[in-house]
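Okay, so here's the structure we're looking at.
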Amino acid sequence: FYQRDPDLSLDEPNVVMVRALADWPALRGMPQQAALGWGARAMRLDQVPQQFRGRGVKIAVIDSGAATTHGNLNQIRAGFDVVNKNVDRSTWNVDTLGHGSHCAGVIAATDPAWGIRGFAPEAEIHVCKLFPGGQVSQLIDALEYCIEQQIDVVNMSLGGGAPSEALERQILRARQAGVACIAAAGNSSGPVQYPASSPHVLAVGAIGKVGEFPPDSYHSETLGNDIDAQGYFTARFSCFGPQVDVCAPGVAVVSSVPPNNFAAWDGTSMATPHVTGLAALVLAHRPEFQSVLRMRSPERVEGLFQILRMSARPVTLGDPNHVGYGMPDALIALGLSTVQMGMPWQ
């Protein structure tokens, strides 16, 4: 619940009533009844056959850790506390911010009859804990871990510093080694932040959809003025520029937070794992990644990025600087739809 100008009293307690996420019709019965977020449905994950679960693909989440105390994240076994590595590398599963857990849930929350379902519940998740306190040198360390561990896709819901030559060299090294980096464009409603602005990563902007959050919630503050006929709009905070490749749902995204709860958050940080999760499904289930693009190489990364871009459909009335090619579509990206790749959607 959000009120722009609350009428606060100095004389008595100010009582604010909040509503449960499960009161929202689309989340009714959650978490006892497993739910698919509106973003996953918008990208048509609900129409992807059940057996497409991302098995055999390795994903790294470079973030604030991931709480394995959570029922949707307790299958995560691998990680590396980059910031604390000289003392204890194994504290990657302590997530004081909740940010990494939220991203990990969108990507790979297991789907028992409880909580939320991620895009690739059978992918192998590696958690590189970089926050709070991480520095560029430690992000370089985290990418080194990804190269060594032969990670397929890296989720980087981070950014904002000045471009770094050393980091750029490492991102390029990762790409040469077949590691695909997917990064959040940023939330300052200005130019695309670094490292999303690097030509060697896939940059993701954030969109929302009218009707997917209560009108009296903070999410309504993110409404852009480019709402299309389906209700999609560019999130007000989303960074923009020619570097944006695609956009994804990043307003009122419900996912896992520590210790074993759920929260609806906004950000290009929330949009990015939608694309990372879909990327894992593409690598696991599209035949060319078992044949011509099986070997880890920059061509494999570019092939993956091209499929994600070409599967996207135009959304919002905003220009490509905000949404890039549009929102990736799971059925088209996986080669399951009869709609031609790259054809404009009606």
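Show the residue pairs meeting these rules: Cβ distance below 6 Å; 6+ apart or different chains; first residue within the range 287-305 and closer than 19 Å to Cys146 by Cβ; second residue part of a helix (DSSP H, G or I) and open to solvent by 90 Å² or more (accessible area, probe 1.4 Å).
Partner pairs satisfying both residue conditions: Pro298/Gln176.
Pick from the range 1-47 the residues that are in a loop (DSSP other than H, G, I, E, B) and of a type in the set (Phe, Trp, Tyr): which of them is most open to solvent (accessible area, probe 1.4 Å)?
Among those that are in a loop (DSSP other than H, G, I, E, B) and of a type in the set (Phe, Trp, Tyr), it is Phe1.
Name the pairs: first residue in the range 36-54 and over 20 Å from Phe213 (Cβ atoms) and among the hydrophobic types (A, V, I, L, M, F, W, C), second residue open to solvent by 20 Å² or more (accessible area, probe 1.4 Å) and in a loop (DSSP other than H, G, I, E, B), Cβ to Cβ under 9 Å, at least 6 apart or on different chains?
Pairs found: Val48/Leu336; Phe52/Leu336.
Which members of the range 306-326 meet the condition of being over 25 Å from Ile151 (Cβ atoms) and not charged (D, E, K, R)?
Restricting attention to the range 306-326, the residues satisfying the condition of being over 25 Å from Ile151 (Cβ atoms) are 313-323, 326.
Scanning the range 306-326 gives Pro314, Val315, Thr316, Leu317, Gly318, Pro320, Asn321, His322, Val323, Gly326.
Taking Gly79, is it part of a strand (DSSP E or B) and either loosely packed, with under 15 Cβ neighbours inside 10 Å or small (Gly, Ala, Ser) (or both)?
Here the answer is yes, as Gly79 does meet what is asked.
Quickly run through the range 249-276 and pick out the residues that are crowded, with 23+ Cβ neighbours inside 10 Å and either polar (S, T, N, Q) or at pLDDT below 95 (or both).
Ser255, Ser256, Thr268, Ser269, Thr272, Thr276
Report, by residue number, each residue of the range 110-144 that is under 19 Å from Gln47 (Cα atoms) and more than 18 Å from the chain's Cα centre (by Cα).
Those that are under 19 Å from Gln47 (Cα atoms) and more than 18 Å from the chain's Cα centre (by Cα): Pro112, Ala113.
Could you grab me the full set of residues in the range 118-144 that are of a type outside the set (Asp, Glu), under 25 Å from Gly54 (Cα atoms) and open to solvent by 20 Å² or more (accessible area, probe 1.4 Å)?
Of everything in the range 118-144, just one residue is of a type outside the set (Asp, Glu), under 25 Å from Gly54 (Cα atoms) and open to solvent by 20 Å² or more (accessible area, probe 1.4 Å), namely Lys129.
Just for strands (runs of 3 or more DSSP E) wholly inside the range 149-248: which have at least 3 residues that are at pLDDT 95 or above and closer than 23 Å to Ala26 by Cβ? Walk me through how you get there before you give the answer.
Values: elements: 153-156, 180-184, 202-209, 232-234.
Filter on the range 149-248 gives 202-209, 232-234.
The values are calculated or read from the model by the stated rules, or taken from the named source; none is laboratory data. In this text the structure is predicted, and so the values were computed from the model without any measurement. When we count neighbours, we look across all protein chains shown, and the Cβ atoms used for this are built from the backbone with ideal geometry, even at glycine. For accessibility, only protein heavy atoms count, side chains too; no ligands or nucleic acids. Shrake-Rupley method; radii C 1.70, N 1.55, O 1.52, S 1.80 Å.
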